[in-house]
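S.K.: Can you keep this structure in mind? I'll have questions shortly.
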Amino acid sequence: LQYDLNEVFSMFMQCYSILGRPVDGLAFVSKESFRRNQQPMGIQFLNQALAADPNNAAALAVQREYVDQDVNQKQQNQQQQQGTTSKQQQQSTVSTVAAGQGQGQGHVGKSPEELYEMASQHFSAREYEDCADVFEISCALSNQNLGPSCANAVYCRSMIVDWGWNGTLFDADMKRIADITTSEARQYRQTATGDNADDNYDDPIALQHNPFAWQRATSVHPHMMLGYPVNSVLKRFVAESVAFMDEKMARAGQAQTTTENGSLNLPSLPSDLPYPVFSEPWKRESMTMSTSDYKIRVGFVGSGFNSKAVLYLSQDMFRFFDKTQFEIHVFSFGPPDNPLFIQHGMRGVDWRKRVQSNVNQFHDMQKYKNDHIQAARYIREQKIHILIEWDGYARQGERAQGLFTLRPAPIQMLHQEYLGTSGALYVDYLFTDNVTSPMKQTQHLFTEKLIYMPNHFFSKGHAMQKEVAKPTFQYQPRIANNNNNNEYKMGTGTPQQNRCLAGNNNNTDVSFVFCNWNKLLKNNPETVRSWIQILRKVPNSILCLLENPKSGTEYLRKFVHEAAGTIDETKMNSADATTLFPWEAFIPGDGEALNDRIHFLEWEKNPFDHQRRNLDFCNLMLDSWPYNGHTVAQDALYAGVPIVTRSDGLDMSSRVTTSANIVLGLPHLNANEGGTQQYEQIAIEMATNHTLYTQTRIKLIETALQRNPMHPYWDVPRYVKNFEQGLRTAWDRFLNTDTNHNDDAVAVKDHILIQETTLAQAGTYDDEIAKHPQEGPFPIL
């Protein structure tokens, strides 16, 4: 048998764990790393050992021998001899050890479960390095049996792109995620025939037609899975498992009893819940009311009806619903924004109030946040026909978990915020399009039936909002701010001049500016390696990223340094190779020069300023994969910044930009078959072929400025007409269902392919927009 380094390490640590000495194991690895002159790795494992037990004799001995002897000088010597750490790390190692020791005092004697709680607190405080370490210690002390700790350690590392030596830890982490999920699916997922996941793991027919049930949720969370390059079926499994537990979450809000052994006993649901789908006289209502009086009652549920991305993108939908045919309700489980934030951070713009003024009824549901049974009863009292989920799994801890499983509406749908299957048997439909979710290839990845929108399924209101700056063909001349020639003033200068705010005093010309404004967790070693190749092939180009989070920037620079180097194969093939780690044969490359061309911007809290910066700072966006830019991508496109994206995945979250580029008439920006190689080739061609780039940029800007009619990509009224058609078709099918059957009759629903009406295809003109101002006709109570 052959094992890779990470597998050997895992088995080694399991041996120490079986002996009850996991901290001794960490101390041993630390000592061996120091002995091999690998200070960063030695410090990493010493930090973990002291965090688990600051009084461990083996760890303290390692500290005395290797850390207390002028660590700074040893670092400098190592960097001069081998160059194995980037210059950005030189000042941080000693403080890291000290910090680990200080925090370790709180870890003494803690159980894996207690460490899990501590790590969760670190995560809530956005202390991602600490949460990664403590979750990992919890995982190790549990002999890898506490799955949530093992999975969450991976997620915390992903937040700060801590991928280990040249991405090898990331590879091990993805294997861990796949192994955990596969094992738990085999153990806890069953079909109606009693088969486990082994029998239908990749079988699209079985996945689409076999009923299933879960005994418990997986250790990995659905929202975490969006960014992981793992089998798409595993992502469905994770969503399924969490959806199956939602009914228990609904019961958890009730008064609980305690069993004799002290465990909590969840009460049963009230006898009338979940609501039977056909219990209300929906059909009789539709037949007895006059056509002019009958309206389909639609409810939107979410916790983000404030200054969140989903409202930034979709608030304008509510302006254009046909109120003669639809009655629109909003059920908001989240609070309004702080008035001071609205005044100063948003400059007076309150999206929540705009929505309130454009819907028939806005229901503040905060009092039901932890009582989803009463929330379901309240929604049922409103006689909602179609209930639409706007959180999905994107707002864990805030979303109305457990609500939809109680069936407060006969038809339930998922739209926009979470781009993947809900995995729920109680969610009937999901909005997508045929490019984002190709019919024949992806239907087995969804538990819902799909509503295929024309054009693009993703709503975006940039062209409707007066605060969002329209793109311009010409850049405004760079203007000094407060007589300081080097201080940037928003809306002025080219990306080449602004240099993403770095090196403005540098006389070296910048030829081209690439950017990616996603959270760092959306990226992976494969993507960043592509960026390295692109920068190498486009001389004097730079890449601009966001400090999101700031603690991840040094880890990304470290990876660039390592990925840019090579391995001395002669040394690796020597007689001593059996005891040689790859980094001991590392030959530095152009990593430092590349890092000098990578700049980070601070997060801009005001969404309009954040969107405006695209024009000033970026020529071309390099998309993330398999978790595309979503909101930030719409911001870039509306600023006239083209996006190069990979189109070789099946995940819904990985194909949003692919679909966008096709609707915008820019299919040449999609790497359809070549994966990373084609992705790199397209980006290089765009940066070095001035004619192609200029033509692409002009065409993109023309779509944003097009009026009378609007371009279909930016046309919100047209989008709403198609959205309404999907709602109407789903409701009509429901009314025509044979209710003599039991509730399983809802299974007769099928996918809906929306064909645009002549009215929708005509597009939107200015006079129609003028009839629906941002501040709508309904009073704000």
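S.K.: Scaled to the compact-protein estimate 2.2 N^0.38 Å, what is the alpha-carbon radius of gyration of the range 604-648, rounded to two decimal places?
M.R.: Taking N as the residue count of the range 604-648, the ratio is 1.13.
S.K.: If you roll a 1.4 Å probe over the range 678-721 with all protein chains in place, what percent of the accessible area is carbon or sulfur?
M.R.: 52 percent
S.K.: Report, ordered by chain and residue number, the aspartates and glutamates lying within cross-link reach of residue 771, taken as a straight Cα distance under 17 Å and ignoring same-chain residues fewer than 8 apart.
M.R.: The qualifying aspartates and glutamates are 316, 322, 715.
S.K.: I would also like to ask the following. Taking the alpha-carbon centroid of each part, what is the distance from the range 584-621 to the range 298-313 in angstrom?
M.R.: 30 Å
S.K.: Separate question: Based on the Cα atoms of the range 635-781, what semi-axes does the equivalent ellipsoid have, where each is the square root of 5 times one gyration tensor eigenvalue, given in whole Å with the largest first?
M.R.: Sorted largest first and rounded, they come to 36, 25, 12 Å.
S.K.: Where in the range 559-623 are there trypsin sites (Lys or Arg not before Pro) that are in a DSSP coil and have at most 12 other Cβ atoms within 10 angstrom of their Cβ?
M.R.: Sparse-neighbourhood loop trypsin sites (Lys or Arg not before Pro): 605.
S.K.: How much net charge surrounds residue 615 when only other residues with a Cβ under 14 Å from its Cβ are counted (Lys, Arg +1; Asp, Glu -1)?
M.R.: +2
S.K.: How much of residue 475 can a 1.4 Å solvent probe reach, expressed as accessible area in Å² and rounded to 10?
M.R.: 60 Å²
S.K.: Quote the accessible area belonging to residue 771 in square angstrom, nearest 10, computed with a 1.4 Å probe and with ligands, DNA and RNA left uncounted.
M.R.: Around 150 Å² of this residue is reachable by solvent.
S.K.: Next question. Would you list, by chain and number, the aspartates and glutamates whose Cα falls below 13 Å from the Cα of residue 248, excluding same-chain residues fewer than 8 positions away?
M.R.: 371
S.K.: In Å, what is the Rg of the alpha-carbon atoms in the range 401-558, and how long is Dmax?
M.R.: 22.2, 65
S.K.: Additional query: With respect to the cross-link table entries 323/369; 489/699; 460/721; 235/460; 489/550; 308/605, which display a Cα-Cα separation exceeding 18 Å?
M.R.: Violating the 18 Å limit, Cα to Cα: 323/369; 489/699; 235/460; 489/550.
S.K.: Would you give the gap between the C-alpha center of the range 130-155 and the C-alpha center of the range 520-535, rounded to a whole Å?
M.R.: Using only Cα atoms to place each centre, the spacing works out to 26 Å.
S.K.: Could you list the square roots of 5 times each eigenvalue of the Cα gyration tensor of the range 381-464, that is, the equivalent ellipsoid semi-axes, sorted largest first and rounded to whole Å?
M.R.: 22, 16, 13
S.K.: Turning to a different aspect of this structure: Trypsin sites (Lys or Arg not before Pro) within the range 264-355: which are DSSP loop residues with at most 11 other Cβ atoms inside 10 Å?
M.R.: Passing sites in the range 264-355 are 347.
The values are calculated or read from the model by the stated rules, or taken from the named source; none is laboratory data. Quantities reported herein were computed from a predicted structural model and do not represent experimental measurements. We place every Cβ from the backbone using ideal geometry, glycine too, and count neighbours over all the protein chains shown. The accessibility values were calculated without ligands, DNA or RNA, using every heavy atom of the protein model including side chains. Shrake-Rupley method; radii C 1.70, N 1.55, O 1.52, S 1.80 Å.
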